[in-house]
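What follows is one structure encoded as structure tokens, with my remarks underneath.
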Amino acid sequence: MRYAIEHPEAVAAVVGIAGRGPQRDRTWSEAYEAGKAAEPVVDIDWVPEVHAALSDSFTDWIHQSDLWRGLAACGVPMHFIAAGDDIRPPWSLAQLAALVPRGRFSTVPGVPHDFWYTHPEVWTKTVTNACTAS
């Protein structure tokens, strides 16, 4: 999404799946904290330097004074897809889809946040359909 806003000429479309929007509030964090113990365990190598760099970049981006203006003006098609059984509330994705001029929002029922890992066939179908529909 950030790259599409900063370089729209280089992006045909954006598909965002089971993520979170640029901002979240206390209710979002409370829902996440309350449900995280029930999340499937996904074994991914943890590289602290990579996580720190991504976190710092995200924090810099969401504090930009023109963040919402850039989103509202971005003409790149964006499809935000929430996992139906994600512990993360999907409202911020729905808000983003409503904000961007060519935004869409949908939900994949019956799958958790990391459904690329737990339901790879559903993930493949979801991504394929989203990319071909853009």
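At 7 Å along Cα-to-Cβ for each site, give me the label-to-label distance between residue 133 and residue 2 in nm.
That separation, rounded to one decimal, is 2.7 nm.
Name the residue farthest towards the positive end of the dipole of the chain from the options 61, 48, 91, assuming +1 on Cβ of Lys and Arg, -1 on Cβ of Asp and Glu, about the Cα centre.
My answer, from the dipole projection, is 91.
Relative to the present Cα-Cα distance, how much length would full extension add between residue 106 and residue 66 at 0.36 nm per residue of separation?
11.8 nm
Where does the chain land at 222 nm, in deg cm²/dmol rounded to the nearest 500, when only DSSP H runs of n ≥ 4 count, each adding -39500 (n - 2.57), divided by all residues?
-13500 deg cm²/dmol
Quick one, which of (1) 45, 29, 28; (2) 38, 33, 29; (3) 54, 36, 25 is the actual Cα extents along the principal axes in Å calculated for this model?
Working out Cα extents along the principal axes in Å from the coordinates points to (2).
Work out the length of the dipole vector of segment 2-133 about its Cα centre, built from +1 on the beta-carbon of each Lys and Arg and -1 on the beta-carbon of each Asp and Glu, and round it to the nearest 20 debye.
580 debye
Every number in this text was worked out from the coordinates using simple rules, so none of it is lab data. Just so you know, these numbers come straight off a predicted model, no measurement behind them. Cβ: placed from backbone, ideal geometry, glycine included. Neighbour counts: every protein chain shown.
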